[in-house]
Amino acid sequence: MRRGWMALAAMGLASGAARADDIAQKAAVCTACHGETGVPIDKAIPVLWGQNEGYIYIELRDMKKGARKNDQMSQVVNELSRDDMLALAAYFAAKPWTNLNQPRAASAEQTQFDSMARSAGCVGCHQEGYKGAGTQPRLAGQSVAYLEKTMLDFRSGARTNNAWMKDLLQTYSPADILEMARVLAGL
Amino acid sequence: MKRNGILTGWVSGLGLACAAFAAQATEEIKGAGGGAAAMTATPSAVTQTMHDNAAKDGQNFLQTNGNYGQSRFYPAAEINAQNVARLHPAWVFQTDVLDSMETSPIIVNGVMYVTTSFDHVYALDARTGQQIWEYKHKMGPITTYCCGPNNRGVAVMGDKVYLATLDSKLVALDAKTGGVKWAKEIADPEAGYSETMAPTAVKGLILVGTNGGEYGIRGFLKAFDSESGEVKWTFNTTPENSQGIWATKDATGRDMHRDIAAEKAAYSKNGDPYKTLGGGVWQNPSIDLSTNRAYFVVGNPSPDLDGAIRPGDNLYTDSLVSVDLDTGKYVCHFQYIAHDVWDLDAVSPTVLAEAAGKDGAATKVVMHAGKTGHLYVNDAKDCSLIRFSEAMIPQENMWVLPTKDGARMLPGANGGVEWSPIATDPGKHLAFALNLHQPMTYHVDSSPYPDGKLWLGGAFKIIPSEEQWGQFVAVDYNTGKVAWKVKTPQPMIGGALATAGGIVFAGEANGDFKAYDSASGKILWSFNAGAGVNAPPSSYVVDGKQYVVVGAGGNAQIDSKRGNAIVAFTVD
C-alpha cells in the first residue's frame with residue numbers, strides 16, 4: 001500500500017500553487033491510494049470518487065489541524081492550502097460514485113437495520129438513501145471494511161473529529177455496528 | 001440526489017408568461033369570458049398594505065403563518081363544516097425533489113410560491129398547478145443539515161420573493177422570472193450556521209433567524225434591507241451576561257435539579273459561555289405594528305445535553321423574546337426553561353391574540369406551544385406568564401437529568417410540539433397543536449466545542465420497544481384546559497390551519513390529511529396523499545373558488561414516507 005506514494009506526493013505537490021490545471025496533478029497523490037479509476041487499492045481505504053464536497057473538505061481540514069489523526073494522510077495534507085482542499089473536494093465530488101459491487105444485505109437484516117437507524121435518526125444527517133449531502137458523508141456503497149473500522153473507531157474514541165458520532169455509536173454494540181456496516185455497504 | 005448543479009437560476013417560465021400575456025390580450029380583445037384554463041397567471045407585486053391587512057384577506061395567503069400575528073386562521077368560509085366532506089383534489093403538482101416538505105405555500109393574486117428540500121422555489125398558477133418558473137439554488141460546498149434538508153417557504157414583498165438557504169444565504173428573486181436579484185451570506189456555514197426557516201417581510205425589512213443551536217453558534221435574529229440586502233440590525237440571542245437569575249424551577253414551577261453551586265464555581269472559573277451558547281431562532285417572529293414590536297421564541301443552548309460546560313440560566317435560550325422592530329433592541333423576555341439539558345427548546349412560532357389576562361380582563365397575549373407539551377400564554381406588554389395549559393401529551397419523570405447510560409423521560413426531545421405552527425380560532429379562543437409522543441432516553445457525554453460540527457454533548461435515542469404516536473389537541477387559551485384531543489397513529493409534525501368555516505386542517509405521517517370540526521374535534525374529512533403530509537396547510541381564493549393546499553413530501557425528522565407533491569383541494 002505504501003509503494004511509491006511518497007515519491008508521488010513529492011512530485012505532485014512541488015509547485016504549491018492552487019491553479020485549476022494543477023488540480024489533476026495534485027489529485028495524483030490521492031489516486032495513488034484511492035484509485036485511478038475510483039476503486040481504492042486496498043479494501044480498508046475509502047471510496048473518494050463521488051463523495052460529498054463539503055465532507056471531503058472538512059476531513060482534509062481536520063486532518064491537517066490534527067482534529068483527526070491518520071498516519072497515511074498526515075504527510076499529504078500538510079502540503080495542502082485551504083484553497084487546495086476546496087479544489088480537491090470539488091474535483092472528487094464531481095466524479096461518479098464508484099460501485100465496489102458489494103453484496104446487498106438480506107431483507108431481514110435490512111429491516112433490522114432500519115429499526116436501529118430510526119432509533120438514532122441517521123437519515124437526519126445522512127439523508128434518505130444514506131447518500132449524505134454537503135458536509136455529511138455518503139455511506140451507501142462505501143467499503144464495508146472502512147465503514148466497520150470508522151464506526152468502531154468513533155465508538156472507541158480512536159477517531160476524534162466528531163463527538164456526536166461517538167456518542168451515538170456508543171449506544172450500539174460492536175455486533176450491531178458490523179451489521180449496519182454490511183447493510184450500508186450493500187446499498 | 002446530488003444538488004451541486006451548475007444552475008443558479010432557471011428562467012423556464014419566461015416564454016410561457018409572455019405567451020400567456022399575449023393570450024390574455026387576445027381574449028380581452030375578443031371579449032371571451034371563459035377560457036381561463038388557457039392562460040397562466042402572472043406574478044404580481046405585494047404591498048405593505050396588503051401585508052397589514054393579511055388577517056382579513058380571504059383571497060391571498062401572504063405570509064408563512066397567514067398574517068403578522070401568525071394566527072393561522074383563514075377568514076374564508078366557502079369551505080366549511082357542512083360541505084368539507086365533499087373536498088377533493090383539484091390539482092397535483094409534482095416537484096423534482098423527492099424529500100421532506102415543510103413549505104407553507106404563499107399565494108398572491110392567483111400565483112403560488114412553494115419551496116422544496118434543497119432550496120428549490122416554484123411559482124405555480126394557483127388555479128391549475130401549472131409551473132410558471134423554477135429556481136434551483138446552487139448549494140455551497142459547506143452546508144450542514146441538522147435535521148433534514150428542509151425549507152419552510154418564502155417571503156414576498158414588492159416585486160421580490162425571498163428565500164433563506166441551507167448554506168446560510170438570503171436570496172432575493174425576481175417574482176416574475178425567478179431570477180436572482182441578489183444573494184447575501186447570512187453567517188459562516190463552516191461555523192454551523194444554516195437556514196431552514198421562511199423569512200418575514202415587514203416595513204422594508206426582511207427578518208431572518210438562524211439554525212445552529214446544535215452547533216455551538218451564537219444565535220440571532222437579523223433584519224436585512226429588502227431592496228439592498230444590507231444588514232440593518234442584529235439581535236444576538238445570547239447576551240454577554242447570560243447567567244440570569246439562577247432559576248431552579250421551570251415556567252410551570254417544577255424543579256430542574258440544577259447544581260447551582262457547581263455551576264457558579266464553573267462560571268467564575270471559565271467565564272460566560274455566550275459565544276458558543278446556541279440559541280437559534282428557528283422560525284418567523286410575530287409582529288405587532290401598533291406597538292412596533294417583534295416577538296419570537298429562541299431555541300436550545302449548546303451543547304444540548306451537557307449543561308456542566310455552560311453554567312448559568314443560558315439566556316435567552318428556551319425563551320420568549322420581544323424586540324423593537326426598527327432597532328432590534330431588547331424589550332422583554334420570559335424563559336420557559338432555564339439551563340435546559342433536554343433540548344426541549346422553543347421552536348413552534350409565537351401567536352399574538354386577545355385572551356383573558358391574569359385578572360380575567362381581555363389582554364394582548366403571546367402564545368407558544370412548547371416541546372414540553374404545554375401551551376404558554378404570556379402578556380404581550382411585559383412578556384410575563386399569564387398561564388400554561390394542561391399537558392397535551394403524557395409527561396413522565398420530568399426533569400430527570402441525562403446520564404451516561406441514558407435516562408428515560410417523557411416527552412422525548414422532539415416534544416410535545418416540535419416546529420409545527422399552531423392554528424387558532426379567535427372566536428372560540430382555541431389553539432390547535434400537533435403533538436408527538438416519542439419515548440426517548442437522554443444520554444450525556446461531555447466533549448469540547450467541535451469547530452462547527454454537531455455538538456449535542458451526548459445523544460437522544462428513541463426507545464424501539466415503546467409505542468410512538470401523535471395527538472392533535474385543541475386548548476382553550478382563556479383557561480388552559482384541553483377542549484378536545486384526537487390521537488394519531490404516528491407522531492405529528494407539520495402545521496395546522498383553522499378557517500372561518502369552523503374547520504381545522506392537519507396532516508399526518510401516514511399520508512392522511514384531515515379536516516376536523518374546530519369546536520368538537522370530530523373528523524369531517526380525510527384524504528390520503530400517498531406520502532407524509534408533514535407541512536403546514538394554506539388556503540386561498542381564485543375566481544371566487546376557495547382552495548386548501550398542502551405539501552405531501554414526508555419528513556426526515558420522523559422518517560415518514562417521502563414524496564414530492566403539492567396538492568390543492570376544492571369542494572365542487
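Tell me which residues, restricted to the stretch B:244-294, are among the acidic types (Asp, Glu) and under 17 Å from residue B:401 (Cα atoms).
B:250, B:255, B:259, B:263 - these are the residues of the stretch B:244-294 that are among the acidic types (Asp, Glu) and under 17 Å from residue B:401 (Cα atoms).
Give the residue, chosen from B:512, B:445, that is out of contact with any His (no Cβ under 9 Å at 6 or more places or on another chain), surrounded by fewer than 24 Cβ atoms within 10 Å (Cβ to Cβ) and within 14 Å of chain A (Cβ to nearest Cβ).
Exactly one residue qualifies, and that residue is B:445.
Take residue A:138 and tell me if it is touching a helix residue (DSSP H, G or I) at 6+ places or on another chain (Cβ under 8 Å) and closer than 19 Å to residue B:446 by Cα.
So residue A:138 does not fit the description; no.
Would you mind listing the strands (runs of 3 or more DSSP E) fully within the stretch B:276-383 where at least 1 residues are surrounded by fewer than 24 Cβ atoms within 10 Å (Cβ to Cβ) and free of Cβ contacts under 8 Å to residues at least 24 places away in the same chain?
The qualifying strands (runs of 3 or more DSSP E) are B:362-369, B:375-379.
Tell me, yes or no, whether the stretch B:467-489 has at least one residue that is in contact (Cβ under 8 Å) with a residue 12 or more places away in the chain, of a type outside the set (Ser, Thr, Tyr) and in contact with a Cys (Cβ under 9 Å, 6 or more places away or on another chain).
No: zero hits.
For the subset of the stretch B:143-165 comprising residues that are in contact with a Leu (Cβ under 9 Å, 6 or more places away or on another chain) and either free of Cβ contacts under 8 Å to residues at least 24 places away in the same chain or within 11 Å of chain A (Cβ to nearest Cβ) (or both), which member is surrounded by the fewest Cβ atoms within 10 Å (Cβ to Cβ)?
So the residue we want is B:146.
Just for the stretch B:283-310: of the residues that are of a type in the set (A, V, I, L, M) and over 24 Å from residue B:154 (Cα atoms), which one is nearest to the chain's Cα centre (by Cα)?
Here the residue is B:305.
Are any residues in the stretch B:187-203 closer than 22 Å to residue B:348 by Cα and either touching a Lys or Arg at 6+ places or on another chain (Cβ under 6 Å) or within 14 Å of chain A (Cβ to nearest Cβ) (or both), and if so, which ones?
B:192, B:193, B:194, B:195, B:196, B:197, B:198
Quick one: is residue B:204 out of contact with any Gly (no Cβ under 8 Å at 6 or more places or on another chain) and on the phi > 0 side of the Ramachandran plot?
So residue B:204 fits the description; yes.
How many residues does the stretch B:178-191 contain that are buried (at least 20 other Cβ atoms within 10 Å of the Cβ) and under 19 Å from residue B:43 (Cβ atoms)?
1
Table: residues versus (1) surrounded by 15 or more Cβ atoms within 10 Å (Cβ to Cβ); (2) away from chain B (no Cβ under 14 Å); (3) over 28 Å from residue B:190 (Cα atoms); (4) under 17 Å from the mean Cα position of the chain (by Cα).
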{"position": "A:115", "(1), (2), (3), (4)": "no, no, yes, no"}
{"position": "A:118", "(1), (2), (3), (4)": "yes, no, no, no"}
{"position": "A:125", "(1), (2), (3), (4)": "yes, no, no, yes"}
{"position": "A:143", "(1), (2), (3), (4)": "yes, yes, no, yes"}
{"position": "A:148", "(1), (2), (3), (4)": "yes, yes, no, yes"}
{"position": "A:165", "(1), (2), (3), (4)": "yes, no, no, yes"}
{"position": "A:184", "(1), (2), (3), (4)": "yes, yes, no, yes"}
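Quickly run through the stretch B:449-465 and pick out the residues that are out of contact with any Asp or Glu (no Cβ under 8 Å at 6 or more places or on another chain) and either of a type in the set (A, V, I, L, M, F, W, C) or more than 8 Å from every other protein chain (Cβ to nearest Cβ) (or both).
Residues satisfying the conditions are B:449, B:462, B:463, B:465.
Against the condition without any contact (Cβ under 8 Å) to a residue 40 or more places away in the chain, away from every other protein chain (no Cβ under 14 Å) and either farther than 16 Å from residue A:187 by Cβ or not aliphatic (A, V, I, L, M) (or both), how does residue A:107 come out, does it pass?
yes
Have a look at A:56, A:45 and point out the one that is in contact with a His (Cβ under 8 Å, 6 or more places away or on another chain) and closer than 20 Å to residue A:184 by Cα.
Step by step, each of A:56, A:45 is checked, and only A:45 is in contact with a His (Cβ under 8 Å, 6 or more places away or on another chain) and closer than 20 Å to residue A:184 by Cα.
Check B:222, B:264, B:249 and return the single one that is buried (at least 21 other Cβ atoms within 10 Å of the Cβ) and either at pLDDT 95 or above or of a type in the set (D, E, K, R) (or both).
B:222
When you go through (1) touching a Gly at 6+ places or on another chain (Cβ under 8 Å); (2) closer than 19 Å to residue B:554 by Cα; (3) in a loop (DSSP other than H, G, I, E, B) one by one for residue B:92, which number turns out not to apply?
Of everything listed in (1) touching a Gly at 6+ places or on another chain (Cβ under 8 Å); (2) closer than 19 Å to residue B:554 by Cα; (3) in a loop (DSSP other than H, G, I, E, B), residue B:92 misses just condition (3).
From A:62, A:83, A:71, which residue is surrounded by fewer than 19 Cβ atoms within 10 Å (Cβ to Cβ), under 28 Å from residue B:138 (Cα atoms) and of a type outside the set (Gly, Ala, Ser)?
Among A:62, A:83, A:71, only A:83 is surrounded by fewer than 19 Cβ atoms within 10 Å (Cβ to Cβ), under 28 Å from residue B:138 (Cα atoms) and of a type outside the set (Gly, Ala, Ser).
Could you tell me which of the residues B:533, B:549, B:541 is of a type in the set (Val, Ile, Thr), over 17 Å from the mean Cα position of the chain (by Cα) and either within 20 Å of residue B:106 (Cα to Cα) or within 14 Å of chain A (Cβ to nearest Cβ) (or both)?
B:541
Given the structure, is residue B:470 under 27 Å from residue B:353 (Cα atoms), part of a loop (DSSP other than H, G, I, E, B) and more than 14 Å from every other protein chain (Cβ to nearest Cβ)?
no
Does residue B:132 satisfy the condition of being touching a helix residue (DSSP H, G or I) at 6+ places or on another chain (Cβ under 8 Å), modelled with pLDDT of 95 or more, more than 14 Å from chain A (Cβ to nearest Cβ) and surrounded by 19 or more Cβ atoms within 10 Å (Cβ to Cβ)?
Here the answer is yes, as residue B:132 does meet what is asked.
Could you please find all residues in the stretch A:28-83 being in a loop (DSSP other than H, G, I, E, B), within 14 Å of chain B (Cβ to nearest Cβ), under 14 Å from the mean Cα position of the chain (by Cα) and under 23 Å from residue A:160 (Cβ atoms)?
A:51, A:52, A:68
The values are calculated or read from the model by the stated rules, or taken from the named source; none is laboratory data. As the structure is a computational prediction, the values presented were derived from the model and not from experiment. For neighbour counting, all protein chains shown are included, and Cβ atoms are generated from backbone atoms with ideal geometry for every residue, glycine included.
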